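The values are calculated or read from the model by the stated rules, or taken from the named source; none is laboratory data. Source: prediction; values computed, not measured. Cβ: placed from backbone, ideal geometry, glycine included. Neighbour counts: every protein chain shown. Only protein heavy atoms, including side chains, enter the accessible area calculation; ligands, DNA and RNA are left aside. Shrake-Rupley method; radii C 1.70, N 1.55, O 1.52, S 1.80 Å.
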Amino acid sequence: MARETIGQTFTVAFLLCVVCSVLVSGAAVVLRPTQEINKLLDKKRNILMAAGLAEEGRTIDELFERIDVRVVDLATGGYVDGIDPGTYDYIAAAGDPDQGVDTSDLGSRAGIRRRAKLMPVYLVSRRGEVDKVILPIFGRGLWSTLYGFVALDRDDLNTIRSLVYYQHGETPGLGGEVDNPAWKAQWNGKRAFGDDGRVAIRIPRGAVAAGVPDAVHSVDGLSGATITSRGVQDMLHYWLGEEGYGPFLGRLRDEGEA
């Protein structure tokens, strides 16, 4: 019986690698549409969670009918027409020289070097009137950029109803506790702004003592995750401030309509 040569072994290994590469590449191409659909559904699911609409027995698309998606020019606070909010990608737009702006100075504390000039906002209706305003946010934690949504009551545009993160790479059990239902529940009813109109939300180290003057603006710090806690605080100050959605929120307050 003839013995296999080194050349034959390398040839078999090479052909096996080629076949596996073709199979993996083909699977990626075939599954990409399904992955994009699932990614969109997951995003909608998190928006519905922020809106408090994650009801059982109804599909995501049915629930999402209560949400009007608009695109906002952050510089003016006004709505922008002619852009499909369903396909607009503000993360990709941030890296485009024409669609994004450099925020390395003002956004440095939150780890935001660039952001899109335009951002989507989600208006949640109840009984025919806008009930909540949901704003996409992102910023740097300890190990990753956190992407999420903050929901404000439409009545005062100050009361926070939820803070939900849908993508991050923080350490499970530490910074990853941003996903902990108990911690997320603390945000309901907190006030984003102080009496002077400035962003006042804070996440101190440790638990917030009941009855302290600024308790309405404070949420417990994440144990063992000071940097992630500070990142959440800083990104909220950025996005709710004048460099973020401040002009948009000011317009809603002045005009009294969404």
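Values as computed for the structure displayed
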| read-out | value |
| --- | --- |
| Failed criterion for D68 (all others in (1) modelled with pLDDT under 90; (2) within 18 Å of R251 (Cα to Cα); (3) in contact with a Ser or Thr (Cβ under 9 Å, 6 or more places away or on another chain) hold) | (1) |
| Complete set of residues in region 203-239 that are charged (D, E, K, R), farther than 30 Å from D73 by Cα and surrounded by 14 or more Cβ atoms within 10 Å (Cβ to Cβ) | D220 |
| Pairs with Cβ under 8 Å, 6+ apart, first in region 97-121 and without any contact (Cβ under 8 Å) to a residue 60 or more places away in the chain, second among the small types (G, A, S) and open to solvent by 80 Å² or more (accessible area, probe 1.4 Å) | K117/A75 |
| Any hit, region 188-201, residues being under 24 Å from I67 (Cβ atoms), open to solvent by less than 60 Å² (accessible area, probe 1.4 Å) and within 16 Å of the chain's Cα centre (by Cα) | no |
| Residues that are over 30 Å from D73 (Cα atoms) and not polar (S, T, N, Q), drawn from region 144-178 | E170, P172, G173, L174, G175, G176, E177 |
| Residues located in region 152-169, provided they are part of a strand (DSSP E or B), without any contact (Cβ under 8 Å) to a residue 40 or more places away in the chain and open to solvent by 20 Å² or more (accessible area, probe 1.4 Å) | D153, Q167 |
| Members of region 122-135 that are at pLDDT 95 or above and surrounded by fewer than 21 Cβ atoms within 10 Å (Cβ to Cβ) | L123 |
| Hits in region 203-229 (condition: of a type outside the set (V, I, T), farther than 22 Å from T145 by Cα and without any contact (Cβ under 8 Å) to a residue 24 or more places away in the chain) | G206, A207, A209, A210, G211, P213, D214, A215 |
| Residue count, region 40-59 (criterion: at pLDDT below 75 and either among the β-branched types (V, I, T) or part of a loop (DSSP other than H, G, I, E, B) (or both)) | 3 |
| Flag for A185 being under 18 Å from G221 (Cα atoms) and open to solvent by 40 Å² or more (accessible area, probe 1.4 Å) | yes |
